[in-house]
Amino acid sequence: MRDLNMVKEHADQAVAQRSLDENINPSALKSGEGRTFPQVISVTSGKGGVGKTAVAANVAIALARLGKKVLIIDAVLGLANIDVVFGLTPKYNLNHFFAGEKSLQEIVVEGPEGVQLLPGGSGIQSVTRLNSDQKLRFLDAMDAFYGDFDIIIIDTEAGISENVTFFNVAAQEILVVTTSDPTAISDAYAIMKVLSTKYHERRFNLVVNSVSDQDEALDVYKKLTHVANRYLDISIAYLGCIPYDKRMREAISRQKVMVELYPKSKINGAFESLAESLTAVIPNVQPKGTPQFFWKQLLSFGQGE
Ligand SMILES: Nc1ncnc2c1ncn2[C@@H]1O[C@H](COP(=O)(O)OP(=O)(O)OP(=O)(O)O)[C@@H](O)[C@H]1O
Ligand SMILES: [Mg+2]
């Protein structure tokens, strides 16, 4: 069985080779010259209910306001919720795509500020475990979307299921959301551990949600980096924090995002800063390959299931 590192190196080399073939440099693959690829960011956490969906939805709108063309993929295949947060009632969702009934173009819907959404599996309680054929079909179908977007945000479900790892590894950047709750911190550590030891992910971004002040968030960051430096070979970039705001729940019941309802609030400012941090951090990082490339290598060796 081939070592995952080799597969990944091979994928990176192939991207570099492809860029040479096309007479453009690797960063141009990401940034605009020749064929453009969007930045793909997964939002993940380990523990449920820490605010992944809230962060994904609000930061997507903040990014759209910065002039970015944004797609959100609601990768919560069991019980979706970005559509609810956006006040949408999409007719089709990703389960229709994975069942082979609809194309991605047929299920994509438009949310606030022109943000596009691929809805997850609304109303379906049982979580679909994607097989390798479904994963490959999804990656192929996503290829047709790449030219249309600057940034793709993937809202993942809680836990460390294979669906979650699939979407995290397909992304170039992983945004880990945690609160200062000790179980949320240890679950954030757990997901970084799995992604680094099993899938050789080395770089993570952190946002600490529902905090009362910046010190609370920095304390979480310190705890995570302390243990990660000791036991894992990873780097964690601190991208900021989001304050606790009780109006978040009200926003959900009104099916609006906070940044729409309270544009002048502190929390809106936090989402704007996070959007800016994301756009600032991304162009500086070395691409790890086109989103689909690594998984295609992996799946064709039968290791991605
Ligand atoms: N900064 C915040 N302040 C106050 N409430 C918040 C904040 N962020 C999220 N919430 C609330 O916490 C609850 C859980 O948030 P959300 O659904 O975004 O979490 P999640 O991580 O996506 O959950 P799941 O794992 O179930 O997908 C929601 O009711 C949301 O309104
Ligand atoms: Mg969620």
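No lab work stands behind these numbers, since they all come straight from the coordinates. Quick caveat: nothing in here was measured; it's all calculated off a predicted structure. So basically every Cβ, Gly included, is an ideal-geometry build from the backbone, and we count neighbours across all protein chains shown.
Check residue 210: other-chain or 5+ apart residues with amide H under 5 Å from its amide H, H built from backbone geometry?
Amide H neighbours of residue 210, under 5 Å, 5+ apart: 242, 244.
Take the residue pairs 102/198; 102/135; 223/256; 52/91 and return only those whose Cα atoms are more than 22 Å apart.
102/198; 223/256; 52/91, as the Cα separations exceed 22 Å there.
For the stretch 34-288, what's the radius of gyration and Dmax over Cα atoms, in angstrom?
Expressed in Å, the Cα Rg and Dmax of the stretch 34-288 come to 17.0, 49.
Can you give the alpha-carbon Rg of the stretch 146-261 over 2.2 N^0.38 Å, where N counts its residues?
Dividing the Cα Rg of the stretch 146-261 by 2.2 N^0.38 Å gives 1.14.
Using Cβ contacts closer than 10 Å as the measure, can you line up 89, 156 from fewest to most? Don't skip to the end; give the middle numbers.
Details: 89 11, 156 30.
Final ranking by Cβ density, sparse to dense: 89, 156.
What is the local net charge at residue 82, summed over the other residues whose Cβ is closer than 11 Å to its Cβ (Lys, Arg +1; Asp, Glu -1)?
That works out to -2.
In sequence order, what are the phi-derived ³J(HN,Hα) couplings for the stretch 55-62 according to the Karplus relation 6.51 cos²θ - 1.76 cosθ + 1.60 with θ = phi - 60°, rounded to whole Hz, with x for glycine and proline?
5, 4, 5, 6, 6, 4, 5, 4
Listing 234, 185 from the residue with the fewest other Cβ atoms within 10 Å to the one with the most, what is the order? Write out the running numbers ahead of the final one.
On the way: 234 19, 185 22.
Exposure proxy ranking, most exposed first: 234, 185.
For 106, 276, which order do you get if you count the other beta carbons within 10 Å of each Cβ and list the fewest first? Provide the component values of the computation, followed by the final result.
Working: 106 11, 276 15.
The order, fewest Cβ neighbours first, is 106, 276.
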